[in-house]
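What follows is a single structure, written as structure tokens, with notes after it.
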């Protein structure tokens, strides 16, 4: 709330001093009366946290480099290092570079070839531009400028001339992690045909270059796009799926260890980027919540993790969809999945969903998360997928198996391509089932409803309603 208040009102240090004095004064009055010391301590703690939020936001410097800002619209030339893994698209590759002698980062939208790697030192020349917000096909506007600025990216160059100078400016650990991921993807592509290989790469690593625009649109219409992107929503529900499947195969503690290890391995494999780390932290908290079975403890860890992330970069509160979705998905899982699961026991017409392989738990967790993040998804995309509430419970129980089979295919492919063929055949079968379900679901009339973006006050009312429902369920339902 302190971060939001400073962003809206911009009071700075004066605002922080005022709120801290008010907090201390109210605490002193309440504490001296000795009527409700507990409330006085809570009020003081809230006031301190509010002040810290204001102070942290005042320390954020998102101003672009003044010398670069003066060159917008002109041809520039500089040397830089590729500071992140290249983002390969169908016809272009996006490089985030750290230029010499300038503050901040620059995004290069370059041709696919020649291919460059993380850590390469390059000479760049081209017309310097600034990012611009854009509207999607459904009319919703994406704040692309703020989305990039949270990562200190304020400038962009389209189709620059790039000359490679050196390749030794890299963090060896990160470089080898990226290389390992690319080796896995390459081994999968050798034994699994497209678009199934790209779906495997998307589910495991978030790489979706060869899926094609038509199939990607089908995934969006079916409400399944989250399984092929590195979103916190995706990672959270996949983590829970792995937890329940592992719990079925052994003890609950073993399920927790296997699922947590899978998430850590996943984070390492995709390169330990900031977005991935935030999503994986939320997924680990979701696993902890299911393991403990005590929402109060899990909520404490969730908000502690959120606090630490916002102290590191407060801009993610507004401009990072992954943080927003992963935080709300984990919150919905902790609060509502026990109530959804209790419905399967209370109503006979829901008994057709079996308890074997943890399917009932996976589906209840999926539905709880879907419903809870629905307002955010509508605000971000401008449409709601009606069919997703049917398709997700069908597809998501397969995703942990697809991830395991895809990873095993890549690992065996490193040893011997022949050894990987049987597992690759199973990987192809499961991914083909998912693709067929997706294409069929997307073809159903009125599978999605275009409703446009939702204003912030509607989002707040929606989540206020969820809070009201939670309090009522807590009184009426015994979990």
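Kindly list the number of the only condition in (1) touching a helix residue (DSSP H, G or I) at 6+ places or on another chain (Cβ under 7 Å); (2) over 30 Å from residue 327 (Cβ atoms) that fails for residue 453.
For residue 453, the exception is condition (2).
I'd like the full set of residues that are part of a helix (DSSP H, G or I) and within 32 Å of the chain's Cα centre (by Cα), limited to the range 5-29.
Hits for the range 5-29 are 5, 6, 7, 8, 9, 12, 16.
Among the residues in the range 361-368, are any at pLDDT 80 or above, in contact with a helix residue (DSSP H, G or I) (Cβ under 6 Å, 6 or more places away or on another chain), on the phi < 0 side of the Ramachandran plot and assigned to a helix (DSSP H, G or I)?
So far as the range 361-368 goes, yes, one or more of its residues are at pLDDT 80 or above, in contact with a helix residue (DSSP H, G or I) (Cβ under 6 Å, 6 or more places away or on another chain), on the phi < 0 side of the Ramachandran plot and assigned to a helix (DSSP H, G or I).
Go through (1) at pLDDT below 85; (2) part of a helix (DSSP H, G or I); (3) surrounded by 15 or more Cβ atoms within 10 Å (Cβ to Cβ) one by one and return the number of the condition residue 170 breaks.
(2)
If you take the residues of the range 94-117 that are farther than 26 Å from residue 61 by Cβ and crowded, with 18+ Cβ neighbours inside 10 Å, which of them is modelled with the lowest pLDDT?
So, considering only residues that are farther than 26 Å from residue 61 by Cβ and crowded, with 18+ Cβ neighbours inside 10 Å, the one modelled with the lowest pLDDT is 116.
The conditions are (1) closer than 20 Å to residue 401 by Cα; (2) at pLDDT 80 or above; (3) part of a helix (DSSP H, G or I), and residue 218 fails exactly one of them. Which is it?
(1)
Does the range 60-81 contain any residue that is crowded, with 18+ Cβ neighbours inside 10 Å and touching a helix residue (DSSP H, G or I) at 6+ places or on another chain (Cβ under 7 Å)?
No, the conditions are met nowhere in the range 60-81.
Sort out which residues of the range 332-358 are within 17 Å of residue 396 (Cβ to Cβ) and modelled with pLDDT under 70, and write them in order of number.
353, 354, 355, 356, 357, 358
Of these, 204, 227, 242, which one is part of a helix (DSSP H, G or I), closer than 21 Å to residue 338 by Cα, in the same structural domain as residue 319 (by TED's automatic domain parsing) and modelled with pLDDT of 70 or more?
Among 204, 227, 242, only 242 is part of a helix (DSSP H, G or I), closer than 21 Å to residue 338 by Cα, in the same structural domain as residue 319 (by TED's automatic domain parsing) and modelled with pLDDT of 70 or more.
Would you check if residue 382 is within 13 Å of residue 448 (Cβ to Cβ) and either buried (at least 21 other Cβ atoms within 10 Å of the Cβ) or modelled with pLDDT of 75 or more (or both)?
It is true that residue 382 is within 13 Å of residue 448 (Cβ to Cβ) and either buried (at least 21 other Cβ atoms within 10 Å of the Cβ) or modelled with pLDDT of 75 or more (or both).
The values are calculated or read from the model by the stated rules, or taken from the named source; none is laboratory data. Because the structure is predicted, anything quoted here is derived from the model rather than measured. Glycine gets a Cβ as well: all are built from the backbone with ideal geometry, and neighbour counts include every protein chain shown.
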